[in-house]
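Peer 1: Please read through the structure below; I'll follow up with questions.
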């Protein structure tokens, strides 16, 4: 719709496509629940209240008397790649859980496909009904210890920030670089601030003067707090604190009771998933956040605000989404029950239909490129016994531990030891670049035979292969 | 300060200029009051809490134990020209009332000096310690019924929107133009939205479908509600509602008790003055808003939020001002008493000193230009008696009334009639353009002799002269 058409739809000169009548609107602007009709034209909410002058012969009228209408939920920070789905399929899967908006940080795609990947994401966003906004990954590669598929240098990042639909700079996980005033990182942040956009943070365990330095750099949010005390310090210092409940890290059950106990206003907080694995996505998404928050004692309207208006205000897109308001996108969740947040149906841009399926270019496929690997490529050679560092994987934790074990070579090679749960591990560069292989030993998987490999390997997404013997690994 | 210096100041590598110790901070982020020390460097808050590592040999330490620290107050919408002061002097006068930030809409200057006037304002803002942000006037001239000093056409307005320090498009008082989809107005609004900035509204008495049309145009705020019911409808529909208490219009005492009664969340509201006449500015400014709100039953921290964080969030400058947070400007009000909001001292960008006095160019002076006026220029001629429309001025109201009176000519001229309080009035074009004179009769002033003229004449600011006889008027 043009702006003129929107105005005329608001005035009622152009009749509505759709009217939802009799529902009780969860008004996150005034924190009230009021029964009102809603008129929708061209995917936009064009009337609330008396909409009789907007009803035409072709207006579809849906009676939702007795039901509630919540704004569509927003995931304030997600790397959707962890869902193993394309953005379109992820967005469609999210809709059934009332999640119609997302702030995505396509950090994984950027690590594999670079700027071309971001361009593809931005293009895909355009075709989606869901309200997807993009943060430009700030730290690609995330480390110089391995080879990534691409580098997003400072000029590339800053140029990408100018795109419509880009709401800021993705989590600046290189916080040591920020605190050391790395010129490239500072240039990215300054450009973000000049554009009036947001710079997301990533600062687990950061408090005190380091936090002050990070905030002084212009970083405005964080989703990595390890403890409640850390989270509340960040909020008090002026940071937006993302309450994360994802497939990996979970914090709602620890943080929310403390927030209630302390009587803290929730304006500076919003809900995020960070990552949502496919099996979890089937079970629920931001609707699960809302239900958990309500169960923990937050009033429904505040729980809903935590993943609607709060998020939209933070990312400065509250004129587009985040509330059931006139002129905003008709992203609406019709609820049978407010306290239980049971979803009746979901409208995305005024429609219950999904989005068109995108066609990806050839270059987005076959990105795993490396030469043939032979068992001897994966061996660690030694003629003498060694005290070896063993990586120790810890269940349900992101961080790994380590221990030292004595390994004795056989035939000049250090072998895995199943009895001590010491497996071989290797990282194989798969971007068709250096072809290098990093090798070591790992404990914690408990394999008795065979090997396992994957390219989901944060953040550079090379091949990681683990096994009981190098033949199976190769 | 460069971004690097800010980071190092946050970390404590660069020592603080100033430390305020022992105060109780009004934290509008979490709505808590917590005792904490504050470190300030280069006009920025660089530390809150344990600031010991930021104290150096040259750090000035001020003990404010027992006192409170509020964020500097913000006037969310003001035409500062009504103060009869330059921007610099207005800003300095505001500081004593804890008002360190303003969203100014220099509509009057634009009507006299046009783009050159706006450029001068933008330049003056740069030199001020106070946190002044500019809305670009959208309706210059405001009417085609009189001659203004300048025209801000659509290309001029949109180009001005790009300036740093400009946070949006000034109140679009031409709401009929918006509702009729006037292409020029729509272009201005679209450019504003593309830039992620705000379009201020001006829609007294507007409700229902007209309001829906206006909101669909992308207008995000209003300060002209005539009644509480109108204001609350606007807030519920998704508009930011400015609670106005100025020298002309006043609404706090009517609206606030109703807001409290209805239990409405105040997130969508903020305080503005719109106009502040000099005699009122001496008595108080946004501090008076806070005191009034507290007297009417709003908790102090919420009253303060209504002219700090709420305003900053609306205009998307909460990363700069609006809270006592790290990385924000050190615009701080030290209070002896929170409930009474009694001000001890005020810091603007970390300083209690004023701003440098600006030097204005010659073209900003002598803008009143018209030929000699003679009594006969101001006469209304008639050979027969007439039923004349008389403008009726109403005390303390913006709108005028009217009545019809019979006037009898003497010597071919219609004369004022002091007994019936019918005075002559004329509007004399003073921009050195057409030199035209509009003439009529007015009631309500009650002059018995003489005449009175002024160039404060919204919105084109021509000379308005009123008197008991044309000789004195000339």
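Here, each number is a calculation from the coordinates, and none is a lab measurement. What you are looking at is a predicted structure, and each value in this text was computed from that prediction instead of being measured. Cβ atoms come from the backbone with ideal geometry, glycine included; neighbour counts cover every protein chain shown.
Peer 1: Relative contact order for segment A:71-317: what is it in percent, counting Cα pairs under 8 Å that are at least 6 residues apart?
Peer 2: Details: 453 pairs, mean separation 51.9, N = 247.
Answer for segment A:71-317 is 21 percent.
Peer 1: I've got another one for you. Let me check against my output: what whole-number percent is the relative contact order of segment B:375-473, with C-alpha pairs under 8 Å and at least 6 apart? Intermediate results must be reported in sequence, preceding the final value.
Peer 2: Values: 214 pairs, mean separation 27.3, N = 99.
The normalised contact order for segment B:375-473 reaches 28 percent.
Peer 1: Can you tell me the 0 to 90 degree angle between the C-alpha axis of helix A:252-262 and the longest principal axis of chain A, rounded to 10?
Peer 2: Tilt of helix A:252-262: around 60 degrees.
Peer 1: Suppose each label sits 7 Å from its Cα in the direction of the beta carbon; what would the residue A:126-residue A:162 distance come out to in nanometres?
Peer 2: Here the modelled spin labels are 1.6 nm apart.
Peer 1: Work out the mean other chain Cβ neighbour count within 10 Å for the residues of A:9-19 and drop it here as an integer.
Peer 2: Numbers: counts 4, 10, 11, 5, 4, 0, 0, 0, 0, 0, 0.
Mean partner shielding for this stretch: 3.
Peer 1: So if I take the centroid of the Cα atoms in segment B:1-55 and the same for segment B:306-385, what is the distance between those two points in Å?
Peer 2: 28
Peer 1: Relative contact order for chain A using alpha-carbon pairs under 8 Å, separation at least 6, rounded to a whole percent? Display every interim value, and only then the final one.
Peer 2: On the way: 1059 pairs, mean separation 76.0, N = 474.
So the answer I get is 16 percent.
Peer 1: Which Rg and Dmax, in Å, describe the Cα atoms of segment B:210-346?
Peer 2: Here Rg and the maximum Cα pair distance are 15.2, 47 Å.
Peer 1: What does a probe at residue A:353 reach in segment A:63-98, counting residues whose amide N is under 16 Å from the point 7 Å along Cα→Cβ?
Peer 2: Under cut-off, by backbone N: A:92.
Peer 1: With a Cα-only, solvent-free Debye model of chain B, what are the log10 I(q)/I(0) values at q = 0.09, 0.10, 0.13 Å⁻¹?
Peer 2: For chain B at q = 0.09, 0.10, 0.13 Å⁻¹, log10 I(q)/I(0) is -0.67, -0.80, -1.22.
Peer 1: Mean projection of the alpha-carbon convex hull of segment A:132-232 over all orientations, in nm²? Intermediate results must be reported in sequence, preceding the final value.
Peer 2: Working: hull surface 28.1 nm².
Answer in nm², one decimal: 7.0.
Peer 1: Over the protein assembly as shown, what portion of Cα pair distances is larger than 55 Å, expressed as a whole percent? Can you show the working numbers first?
Peer 2: Values: 95217 of 448878 pairs.
Taking all Cα-Cα pairs of the protein assembly as shown, the fraction more than 55 Å apart is 21 percent.
Peer 1: Roughly how many nanometres apart are two label points built 7 Å out from the Cα toward the Cβ at residue A:187 and residue A:396?
Peer 2: Inter-label distance under the simple model: 4.5 nm.
Peer 1: Describe numerically, in nm with one decimal, the distance between label points set 7 Å from Cα along Cα→Cβ at residue A:418 and at residue B:360.
Peer 2: Taking the simple label geometry, residue A:418 and residue B:360 are separated by 9.0 nm.
Peer 1: How tilted is helix A:183-194 with respect to the longest principal axis of chain A? Cα atoms for both, answer in degrees (0 to 90, nearest 10).
Peer 2: That helix lies at roughly 0 degrees to the long axis.
Peer 1: Could you tell me what % of all Cα pairs in segment B:3-66 have separations over 18 Å? Can you show the working numbers first?
Peer 2: Working: 655 of 2016 pairs.
Every Cα pair in segment B:3-66 considered, those over 18 Å come to 32 percent.
Peer 1: While we're looking at this one, here's another question. Å³ per residue of the Cα convex hull, for segment B:375-473?
Peer 2: Numbers: hull volume 10.1 nm³, N = 99.
Convex hull of Cα atoms, per residue: 102 Å³.
Peer 1: Going by how many other Cβ atoms sit within 10 Å of their own, how do A:308, A:2 line up, fewest first?
Peer 2: Numbers: A:308 31, A:2 11.
Least crowded to most crowded, the residues run A:2, A:308.
Peer 1: While we're on this one: Taking Cα atoms, how many degrees apart are the long axis of helix A:107-127 and the longest axis of chain A, rounded to 10 and kept between 0 and 90?
Peer 2: On a 0 to 90 degree scale, this one is about 20.
Peer 1: Shifting gears a bit: Once the Cβ-Cβ distance between residue A:151 and residue A:403 is put in as r, and R0 is 30 Å, what FRET efficiency do you end up with, to the nearest 0.05?
Peer 2: On the way: r = 34 Å, r/R0 = 1.15.
About 0.30, to the nearest 0.05.
Peer 1: Something else: At a Förster distance of 25 Å, what's the computed FRET efficiency of residue A:57 paired with residue A:35, Cβ-Cβ distance as r, to 0.05? Walk me through the numbers on the way to the answer.
Peer 2: Working: r = 26 Å, r/R0 = 1.03.
Calculated value: 0.45.
Peer 1: Kindly provide the helix-only [θ] at 222 nm of chain A, computed as the sum of -39,500 (n - 2.57) over DSSP H runs of four or more divided by all residues, to the nearest 500 deg cm²/dmol? Kindly include the intermediate steps, with their values, before the conclusion.
Peer 2: Working: 14 runs with 125 residues, N = 474.
Taken over chain A, the calculation gives -7500 deg cm²/dmol.
Peer 1: Would you mind ranking A:379, B:216 so that the residue whose beta carbon has the fewest other beta carbons within 10 Å leads the list?
Peer 2: Numbers: A:379 19, B:216 29.
In order of increasing Cβ crowding within 10 Å: A:379, B:216.
Peer 1: Follow-up. Applying 1/(1 + (r/R0)^6) with R0 = 45 Å to the Cβ-Cβ distance of residue B:388 and residue B:194, what FRET efficiency is obtained, to the nearest 0.05? Intermediate values should be presented prior to the final figure.
Peer 2: Values: r = 50 Å, r/R0 = 1.12.
Calculated transfer efficiency: 0.35.
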